[in-house]
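Heads up, the thing below is written out as structure tokens.
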Amino acid sequence: MFTTAIKASDLPMSLEDFLLKALAWADHYPHVAYYYPNNIPYPHQGFAHLLAVSSGPALAMDMDDAFGSLRSQLQQEHPLLCGFMTYDLKNQIEKLHSRNPGYIGFPLLHFFGPELYIYFHNDSLSIFSSENNADNIISAILHTAVPRAASLPQVRVRNRVEKGAYIANVERIRQRILEGDVYELNYCMEFYAEDTVIQPLPLYLALTEASPTPFSGYLKCEDKYLLCASPERFLKKEGQQLISQPIKGTIRRGATPQEDAQLQHQLRHDEKELAENMMIVDLVRNDLSRSCATGTVRVAEMFGIYGFRQVSQMISSVVGELRPDKDLVDALTGAFPMGSMTGAPKISAMQLIEELEATRRGLYAGSMGYITPDNNCDFNVVIRSIQYNASSRYLSYMVGSAITYDSDPEQEYEECLLKAQAILQVLGQA
């Protein structure tokens, strides 16, 4: 790859305007991946600020052996890889199935090697291109119109699961907990709009403006789009270190600093939320232990409270050292799908999810991220996200919460709506 470094002071406009132009320029490519940390301080940092494009085909993958195909690609010399893993890859890790209908149609696993990518820094940018054409690229970007954040006029959004059915299912989960099948379950529901025409990039800009998060991303896979405002990391690999940061525990932000501090204190000392978080931390520790050296898996931070635009969240950080005989794919398959989106015990929870939910999760509760040429990576948890199929004009978002025996169904429903607040806002629903 040819590399060109450019100082922000050498651009004829602000770096922010150049970034917006670059996004609009990139959106003409069939494959686009944009990772945006929103300058939010976060343990182990958020995503790298990165924009990648490709006009060529995605990596050829055997979808019947998706992780085996990915391993074959990673064992060879490879460039930066950008892409995603859908939740339904669980069926290739455990003896599970996905029979609920899916409406967006993302492939099970998708990665592309960009022909060009740009890293954005505080006062500079770095362009990596397969051709020595940085001047032409900059000129093309500068001649592109600046896109503007744009919410939609009110869209007719419907709930796949009506409130009464949702509450009945939460009661069924509580009964299954009482019977000992699971002790926590992440139950989700879909909101959707049919025959809807949107401009995905302006809508993504509106979403990240309404809800800035450290694992925000914009993904274009030909006619399918992900507009992601995720606050959660699934897995980061730095050398031999693995980092997972599950979120369990949510409360609204306060109207004043005093109320906000009181609400965060309430979250930090809520026995139900603490129990939920601890259950998933134990699950993540077990998941990382499958690929990490004995004695290296530890909880670096327990019950950390972090504030985002709409909500405060309880986040724990689990780290470990990858064993020399294990590789990145071992780390991914050992921990996927993320425990915060399943419940515990994990396999039983996923079986019950399939039984109770009305929609195949697809990319929701999956992960988007990137893999560097030296097989380091960073992957988020796809939540707080809009999915869109431009060909079928189908728009979808899903929300969920962790159900324990102590859960109040009405409160769980309200928590789901709270988590969807930013999406409802940009879709003209709030």
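Each reported figure results from applying straightforward, stated rules to the coordinates on display, with no laboratory input. Quick caveat, the model's predicted, so the values are computed rather than measured. In this analysis, Cβ positions are derived from the backbone assuming ideal geometry, glycine residues included, and neighbour counts consider all displayed protein chains.
At a glance:
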{"quantity": "Relative contact order computed over the chain (Cα-Cα under 8 Å; 6+ residues apart), in percent", "calculated": "24"}
{"quantity": "For P(r) over Cα pairs in 20 Å bins from 0, in percent, calculated from these coordinates, the label among (i) 26, 58, 16, 0; (ii) 25, 53, 20, 2; (iii) 26, 60, 13, 0", "calculated": "(iii)"}
{"quantity": "Cα-based Rg / Dmax (Å) for region 353-430", "calculated": "15.6, 47"}
{"quantity": "Gyration tensor (alpha-carbon) shape descriptor, region 169-229, a/c threshold 1.5", "calculated": "prolate"}
{"quantity": "Among Ala26, Ala150, Pro231 - extreme Cα towards positive end, dipole of region 2-426, charges at beta-carbon", "calculated": "Ala150"}
{"quantity": "Under 5 Å, built H, 5+ apart or other chain: amide partners of Met61", "calculated": "none"}
{"quantity": "Backbone HN-Hα couplings from phi across region 401-410 [Karplus 6.51/-1.76/1.60, Hz, Gly and Pro as x]", "calculated": "8, 7, 9, 10, 5, 7, 5, 9, x, 4"}
{"quantity": "Dipole in debye (nearest 20) - region 2-426, about Cα centre, beta carbon charges: Lys, Arg +1; Asp, Glu -1", "calculated": "280"}
{"quantity": "Leading residue at positive end of dipole, region 2-426 (Cβ point charges), from Leu352, Asn39, Pro57", "calculated": "Leu352"}
{"quantity": "Cα-based shape type of region 202-335, given that a ≥ b ≥ c are square roots of the gyration tensor eigenvalues and the cut on a/c is 1.5", "calculated": "oblate"}
{"quantity": "Rounded if a/c under 1.5, otherwise prolate or oblate - region 45-180, Cα gyration tensor axes", "calculated": "oblate"}
{"quantity": "Per residue, the convex hull volume that the Cα atoms of region 1-85 enclose (Å³)", "calculated": "154"}
{"quantity": "Among Pro79, Gln199, Ala134 the positive-end extreme of the charge dipole of the chain (Cβ point charges)", "calculated": "Gln199"}
